[in-house]
1. Taking region 111-120, which residues are within 17 Å of the chain's Cα centre (by Cα) and not hydroxyl-bearing (Ser, Thr, Tyr)?
2. Can you name every residue in region 145-170 that is of a type in the set (A, V, I, L, M, F, W, C), free of Cβ contacts under 8 Å to residues at least 60 places away in the same chain and buried (at least 18 other Cβ atoms within 10 Å of the Cβ)?
3. Condition first: closer than 30 Å to Glu40 by Cβ and among the aromatic types (Phe, Trp, Tyr). Now tell me which residues in region 98-147 satisfy that.
4. Can you tell me how many residues within region 69-81 are more than 23 Å from Met135 (Cα to Cα) and in contact with a Phe, Trp or Tyr (Cβ under 8 Å, 6 or more places away or on another chain)?
5. Mind listing whichever residues of region 206-262 are polar (S, T, N, Q) and under 18 Å from the mean Cα position of the chain (by Cα)?
6. In contact with a Ser or Thr (Cβ under 6 Å, 6 or more places away or on another chain) and of a type outside the set (Phe, Trp, Tyr): does that describe Leu212?
7. Show the residue pairs that are 6+ apart or on different chains and have beta-carbon atoms under 7 Å apart, the first residue being within region 224-252 and under 18 Å from Gln84 (Cα atoms), the second being acidic (Asp, Glu).
8. Hey, among the residues in region 123-141 that are assigned to a loop (DSSP other than H, G, I, E, B), among the hydrophobic types (A, V, I, L, M, F, W, C) and out of contact with any Lys or Arg (no Cβ under 9 Å at 6 or more places or on another chain), which one's surrounded by the fewest Cβ atoms within 10 Å (Cβ to Cβ)?
Amino acid sequence: MTAPVRFPRFFVTSPMPCPYLPGKTERKVFTELKGPNADELNDALGRIGFRRSQTVAYRPSCIECSACISVRVVAGEFVPSATQRKNLRRNSDLVVSACKPWSTPEQFELLQRYLAARHPGGGMASMDEMDFADMVEHTPVTTFVIEYREPSVDGKPGKLVGACLTDRQGDGLSMIYSFYEPDHVDAEGRGRQGLGNFIILDHILHAARIGLPYVYLGYWVEGSPRMQYKVRYRPLERLGREGWERFDPDEQARAIGRAATAKGADRRIADDTGKDGLAAAQAQYRHI
């Protein structure tokens, strides 16, 4: 008899320099997402710390390091801080739309401006429009491009100022990749700081409204300034050897303090620079 669902085959990448911790190497275990049960497989793998890149699900499998920790926000219990409430008010006029995963020239142009300003030497800086289309459109699971626009003018859609490639899983929203206008000024000449944080906040509040328990933020790496922004959202859970566990409130408060200190010491650190190695992920995977 043929089983209706085959157990996935897993593969391991060759070691490469770690993008988060100097002097370390990283290795990933991965499998292909395909077929009529791709959503269910993605859900199951997401609960044990896997991330999606196009048609592949992967997670760190480093030999001598376990610094990459999967984290997720408990959406239904989230209470924004004073700073986060200010961010929500400042950007409350933005028009949010959930679009089908089709890439557009407008999205790609926004991505190029974002990468040029925030990640000029990063692995995604050389992406062309076809690469971007692959990133957005090659998905075997339930995926949306969440667009953030200025209010409409004369009945026409407002300027696109942010976007996020987002998977809808059975127990939450998984933020795959977000990008936004790096130095945006609205029609009235006011600056819009914190667009990266606003996109995360919007996902958390939307997940709570539609009854999804979690928003998956990917990997948090203690000691990597690029990844510290993720600890600002409370309550936060992390994946350990015994399963998902909630951050101790005092421990998380200390981590938030360290994140603020690190950002204050280096103003070049953006609020969303940790992208879980998405740029290099596809290039690492051996042919399946």
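1. First pass over region 111-120, keeping only residues within 17 Å of the chain's Cα centre (by Cα): 111, 114-115, 118-119.
Residues satisfying the conditions are Leu111, Leu115, Arg118, His119.
2. Within region 145-170, Val145, Ile146, Leu160, Ala163, Cys164 meet the criteria.
3. Trp102, Phe132, Phe144
4. Residues that pass the stated criteria total 5.
5. Scanning region 206-262 gives Ser224, Gln228.
6. The answer is no for Leu212.
7. Here the result reads Tyr229/Asp271; Tyr229/Asp272; Pro235/Glu77, each pair linking region 224-252 to a residue that is acidic (Asp, Glu).
8. Only one residue fits best here, namely Ala125.
The values are calculated or read from the model by the stated rules, or taken from the named source; none is laboratory data. Computed from a prediction, not measured in an experiment: that's the story for all the values here. Cβ: placed from backbone, ideal geometry, glycine included. Neighbour counts: every protein chain shown.
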